Amino acid sequence: MLVGAFACAHTPQLLIRPPTEDRDLVLRVHAAFARVKRRIEALRPDAIAIVAGDHVEAFFLDAVPALAVYAGAECAGVFGPYRYRFPIHEPLARSIVEQGIERGFDLLYTQGAALDYAFYVPLHFTMPAPPVPIVPLHVNVYLPPQPLPRRCYEWGAALGGILRARPERIVLMASGGLSHFPGTDRYASPDFDGDRGLLERMREGRGRELAVLTGAELDTAGNVELRTWITLLGAVGDACADVYCYEPSWHHGNAVAEWPL
Amino acid sequence: MSAGPHYAFPPARAYRLNRCLWAIKSDPAYCARFLADPVAAMGELELSAEERAALSPLDRDALVGRGAHPYLVFMADLRLRIAREPGSVEYF
C-alpha cells in the first residue's frame, strides 16, 4: 500500500556545503528534510520507492532509457568523498518491473548500474531510523529526447496502482527540481516565479495540469527534472501538496513537499 | 547556446568528448589519472587536438560549442575542483 508521498530537492550543494552557498538557506532546507524524515518514521514504511532523474551517471550515451527500474540486490554510488550503499526491496522492484510492463510501459531494468546522487542526496537526509530498503526508479531528464510529461504522469498513475496493490507499506518519493540550469549560461538565473506557480497548483490539488506541459516548456523553465515530480503527481492524483519549504538560492529553487494521503 | 534548448540532443561527433567528461565525473580512477597527467589521460580516449585544448584547462563554452553536454561539463568541473581542493566541501 502507498502510505506516503514526498518530493525533495537534491542539489549536491545541500550535501557538500561549499562556501558558495548561503549557510542559513541550506540549513532551512535541511530542516525541511528532517521533517520529512520524522514523517516517514511515523508512517513506518517497509520500503521507499524513489523516482529520480539520472544525471548521466547510471546511463551514459551507450544506452539511454526513458524509464528504468533498479531491480538488483543492492545499489551503490560515489560522489567525491561520499559513498552510499542501499539494499533494494527486491520483491517490490521486481513487481514494479513486471506489472509496469504488463500495463504497457516498456521499462528498462538494471541489476548493477551506479546510483546517482539524485537518489542518495534526499535519502542521506530523510532515510528513517532504522533504515528501509529502496527501489530506485529512473526517469531520463537530461538526455533529449526525454519522455513527455504526459507519459511521466501516466507512468506515475500506473505506478501508484501497483504500489497500492502491494502488501508492503511504501513511501513514494520524487527527487529533483525545481528550476535550475546546471552547466548553462542561465545557471545563476532560475525561474523562481515559474516555480511558485507550479507549487501553487500542487497545493490546490491541480497537479494533473502539469502533465500537459511540453518538454520545451520544461527546458525553458529549467525544470527538466519536474518529470520526477509529475510522475509522483500521477501516483497521488488530485491530492493537495503540503509544501514544507521553497528556498530559492542563487542557482536553484529548492523545494520540499508532502502529499498527505 | 541561448538560441536552442538548454539541453540539446548530444551530437554523435561529440561522443568521445562526452565520454571523457563522463569519466572525469563518474570514474574516480580516471579522474585521478586526469588530475595527475591530463595529456596522458586524454590520450586514452582518441580526442582531437581541439577537444584536448578545450578540456585542459576546462573551457565550458568551447566544450559546449563542440557538442559537450552542459551538465557533464558542469559536473566534471565540480569533481575536479573537489579533488583539487578537498577543503572546498563541508564549509559549514
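Below are the figures for this structure:
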| item | result |
| --- | --- |
| Test: residue in the stretch A:120-140 that is within 14 Å of chain B (Cβ to nearest Cβ), buried (at least 18 other Cβ atoms within 10 Å of the Cβ), assigned to a loop (DSSP other than H, G, I, E, B) and not charged (D, E, K, R) | yes |
| Of all residues making up the stretch A:11-59, the number that are touching a Gly at 6+ places or on another chain (Cβ under 6 Å) and surrounded by fewer than 23 Cβ atoms within 10 Å (Cβ to Cβ) | 1 |
| Selection from the stretch A:12-53 of residues that are under 15 Å from the mean Cα position of the chain (by Cα) and at pLDDT below 95 | A:P12 |
| Failed condition for B:F34, given (1) in contact with a Leu (Cβ under 9 Å, 6 or more places away or on another chain); (2) more than 12 Å from chain A (Cβ to nearest Cβ); (3) more than 22 Å from A:D116 (Cβ to Cβ) | (3) |
| Residue ID - farthest from the chain's Cα centre (by Cα), chosen from residues in the stretch B:1-34 that are within 19 Å of A:L61 (Cα to Cα) and of a type in the set (D, E, K, R) | B:R13 |
| Members of the stretch A:63-94 found to be outside any strand (DSSP E or B) and either buried (at least 20 other Cβ atoms within 10 Å of the Cβ) or out of contact with any helix residue (DSSP H, G or I) (no Cβ under 9 Å at 6 or more places or on another chain) (or both), listed by number | A:A63, A:V64, A:P65, A:A66, A:A71, A:H89, A:E90, A:P91, A:L92, A:A93, A:R94 |
| Residues being farther than 25 Å from A:A47 by Cα and either surrounded by 23 or more Cβ atoms within 10 Å (Cβ to Cβ) or touching a Pro at 6+ places or on another chain (Cβ under 7 Å) (or both) - total across the stretch A:145-165 | 1 |
| Only one of B:P28, B:P5 that is within 9 Å of chain A (Cβ to nearest Cβ), free of Cβ contacts under 8 Å to residues at least 24 places away in the same chain and either basic (K, R) or closer than 23 Å to A:R17 by Cβ (or both) | B:P28 |
| Selected residue (criterion: nearest to the other protein chains (Cβ to nearest Cβ)) from residues of the stretch A:184-240 that are under 30 Å from B:G65 (Cα atoms), of a type in the set (G, A, S) and assigned to a helix (DSSP H, G or I) | A:A216 |
| Residue among A:E225, A:E204, A:E168 that is in contact with a strand residue (DSSP E or B) (Cβ under 6 Å, 6 or more places away or on another chain), in contact (Cβ under 8 Å) with a residue 24 or more places away in the chain and surrounded by fewer than 21 Cβ atoms within 10 Å (Cβ to Cβ) | A:E168 |
| Any hit, the stretch B:56-67, residues being at the interface with chain A (Cβ under 8 Å from one of its Cβ atoms) and not aromatic (F, W, Y) | yes |
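Yes or no, residue by residue, for (1) polar (S, T, N, Q); (2) under 30 Å from A:D219 (Cβ atoms); (3) surrounded by 15 or more Cβ atoms within 10 Å (Cβ to Cβ):
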{"residue": "B:V39", "(1), (2), (3)": "no, no, no"}
{"residue": "B:G43", "(1), (2), (3)": "no, no, no"}
{"residue": "B:E46", "(1), (2), (3)": "no, no, no"}
{"residue": "B:E50", "(1), (2), (3)": "no, yes, no"}
{"residue": "B:L63", "(1), (2), (3)": "no, yes, yes"}
{"residue": "B:G67", "(1), (2), (3)": "no, yes, yes"}
{"residue": "B:Y71", "(1), (2), (3)": "no, yes, yes"}
{"residue": "B:L78", "(1), (2), (3)": "no, yes, yes"}
{"residue": "B:E90", "(1), (2), (3)": "no, no, no"}
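The values are calculated or read from the model by the stated rules, or taken from the named source; none is laboratory data. These numbers come from a predicted model, not from an experiment. Here the Cβ is made from the backbone with ideal geometry for all residues, glycine too, and neighbour counts use every protein chain on show.
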